[in-house]
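The values are calculated or read from the model by the stated rules, or taken from the named source; none is laboratory data. Nothing here was measured: the structure is a model prediction, and the numbers come from that model. Cβ coordinates were reconstructed from backbone atoms using ideal geometry, including for glycine residues, and neighbour counts include every protein chain displayed. Only protein heavy atoms, including side chains, enter the accessible area calculation; ligands, DNA and RNA are left aside. Shrake-Rupley method; radii C 1.70, N 1.55, O 1.52, S 1.80 Å.
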Amino acid sequence: MAASSSSSSLLPQTLKVGIVGFGAFGQFLAKTMIKQGHTIRATSRTDHSRLCHQLGVPFYRDTLSFLEADNDVILISTSILSLSEVLRAMPLHCLKRRTLFVDVLSVKEHPRNVLLQVLPDVMDVLCTHPMFGPESGKNGWKDLPFVYEKVRVRDEPRCSSFLQIFESEGCRMVEMSCEEHDKLAARSQFLSHAIGRILSEMGIESTSMNTKSFETLVKLKESTTNDSFDLFSGLFIHNRFAQQELMNLEHSFEMVKQRLRRGTSEEQNLSKDKGACYYWLQWHAEMIQTKWKTKVGGDLQRYGGCDEWTVVETCKNMKVVVSEQLVMVEACIHMDEESVPVVVKVEVYDGVVNLEISEETVVVMLHICKVYRWLPRL
């Protein structure tokens, strides 16, 4: 990733830019291009002829006429989900001159791949993502990031003139591969949209006692739900890194829930009567997989030829000796130079190891649980 000065050393030319997809974002870009003196033409599946008339922009209902209009640049501003369908429906073989195709979608690998598939080889391809929109860019584009990759560019002056549209408005120009863009966008843009949508499903609203943090959450919800769900779907479906980020979000949420439950359970357990005969400590299989293997409904299996190991690296106080039958475990817990012998019964089911310990060791065991955040279950 590199910030770059893409075209400041070149004299920019006035461009004839044809916009495919004249929705809110296409209109937003067109207004600045018109202000800079570029000629704009538009086509869209929705009839925007009245709006285009107000802007002084020719509107083409017929894509063939649009392609024959002698455009220097064709800017693709469709939705992510409709991109492939729209481009494949256009008679691109009728193009009579070399043209620079530019996409401004929020994912990058997908439009790059589609453009390279459907366009004649002589056409130039520039993949871009203006990382702002009508709301965030309403007061100007200064210091707002504009990400781009020159995928296939032969006419450098024309490409530089297009990039100058954004550079002259003060955008921070960032040259980056489509793959790297999608990796970063999955964590930033998709994750923000996902959390915003979750907050919307929760129905959070501003209150009379908002904290600054809560106000930030409300604004996140509002900004993401202002965008269409199609955009959110496109960010997920057509960014191959988004699935992993969603899994990371789910996993992290579960980890937070577990930590909360551990604290609650530990507090409850410490207050219980110590007169019960048996206490249970539950270890999940993944916590001990470096030392034991577990099978659902099966036995514990040893690694190597040793019968003695430290069960968990963070716990230096417990060692376990596994008998040949792999049914009974004898453990010795060392606390303050004192040893407390324990007979521990092992059961394995559903990938969980349950250890039944004797009453005498409950205080010691609960102390270890507190230090290492283990979960005692009584």
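Applying the set (1) over 22 Å from the mean Cα position of the chain (by Cα); (2) surrounded by 15 or more Cβ atoms within 10 Å (Cβ to Cβ) to Pro120 leaves exactly one unmet item: (2). For Ser192, state whether it is among the small types (Gly, Ala, Ser), under 27 Å from Gly140 (Cβ atoms), touching a residue at least 24 places away in the same chain (Cβ under 8 Å) and open to solvent by 40 Å² or more (accessible area, probe 1.4 Å). Yes.
Answer yes or no: is there a residue in region 161-171 that is acidic (Asp, Glu), over 29 Å from Thr225 (Cβ atoms), touching a residue at least 60 places away in the same chain (Cβ under 8 Å) and open to solvent by less than 60 Å² (accessible area, probe 1.4 Å). Scanning region 161-171 turns up at least one residue that is acidic (Asp, Glu), over 29 Å from Thr225 (Cβ atoms), touching a residue at least 60 places away in the same chain (Cβ under 8 Å) and open to solvent by less than 60 Å² (accessible area, probe 1.4 Å). Per this entry, His48 is counted among residues that are over 21 Å from Phe162 (Cβ atoms), surrounded by 14 or more Cβ atoms within 10 Å (Cβ to Cβ) and modelled with pLDDT of 95 or more. Selection of region 205-223 for residues being part of a loop (DSSP other than H, G, I, E, B) and open to solvent by less than 60 Å² (accessible area, probe 1.4 Å) yields only Asn210. Looking only at strands (runs of 3 or more DSSP E) that fall completely inside region 7-124, which ones have 2 or more residues that are touching a Lys or Arg at 6+ places or on another chain (Cβ under 9 Å)? Output list reads 16-20, 39-43, 100-103.
Within region 229-245, being assigned to a helix (DSSP H, G or I) and open to solvent by 50 Å² or more (accessible area, probe 1.4 Å) holds for Phe229, Asp230, Phe236, Ile237, Gln243, Gln244.
Could you list all residues from region 233-268 that are under 11 Å from the mean Cα position of the chain (by Cα) and free of Cβ contacts under 8 Å to residues at least 40 places away in the same chain?
Taking region 233-268 and keeping what is under 11 Å from the mean Cα position of the chain (by Cα), we get 235-236, 239-249.
Correct list: Gln243, Met247, Asn248.
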